[in-house]
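Every number in this text was worked out from the coordinates using simple rules, so none of it is lab data. It should be emphasised that the depicted structure is a prediction, and the values quoted were computed from it without experimental measurement. Note that we place each Cβ from the backbone using ideal geometry, even for glycine, and neighbour counts take in every protein chain shown.
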Amino acid sequence: MAKRGAPEPEPEPDPGPDPDGPTGSSIGPFLGALAVLVVLVLVVFGAQLFSPAGDDLTEDEMVRRAVTDYVSAHNENDGPILDRLRCSDLPAEEAPLADVEGRVELQATQNVSVDGDRATVDVRTGLDGETQTETWQVVRVDDVWRICRF
């Protein structure tokens, strides 16, 4: 037969949260996350404040960029990009660099002359140690400067 003994004491109920509030160890991760957030906000603000504005290019700079992009597309043999950078009435075989095989070094873009939606620019290129300067015509079509003929 089993022996009956004194009943076991019942466990005490859970006292719940500490009446004195959170301890210092529980607020530490919150303060760390807040510090990281503040640093990220400052980095984003600083980057916007000190980065050059991409939309504030002058007409001369946009013409130069079109020429640079055109030469880069030629060097990469990227026909679709060349087509987009060239006016639709300028056949590929009559466009600048059409008769040039191989990689072209863009040495300078000088004497940019903008007159409304038309511009001319002297383009100096190098190929196999030979330097050549040509005047290219550039036309703004739908806010994009394209290599064209007048």
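Which GluC sites (Glu not before Pro) from region 34-108 combine a DSSP loop assignment with at most 16 other Cβ atoms within 10 Å?
Passing both the DSSP loop test and the Cβ count: GLU76, GLU101.
About the Cα centre of region 65-150, what is the dipole size in debye to 20, counting +1 per Lys and Arg Cβ and -1 per Asp and Glu Cβ, all else neutral?
It works out to roughly 300 debye.
Rounded to two decimals, what ratio of Rg to Rh does region 82-150 give with C-alpha atoms and a Kirkwood Rh?
Rounded to two decimals, Rg/Rh equals 0.97.
Would you work out which of VAL104, VAL44, VAL144 lies farthest towards the positive end of the dipole of region 38-150, given +1 charges on the beta-carbon of Lys and Arg and -1 on that of Asp and Glu, about the Cα centre?
Result: VAL44, furthest along the dipole toward the positive end.
Considering amide H positions built from the backbone, and no H for Pro or chain starts, which residues 5 or more places from ARG86, or on another chain, come under 5 Å of its amide H?
Result for ARG86 returns ILE147.
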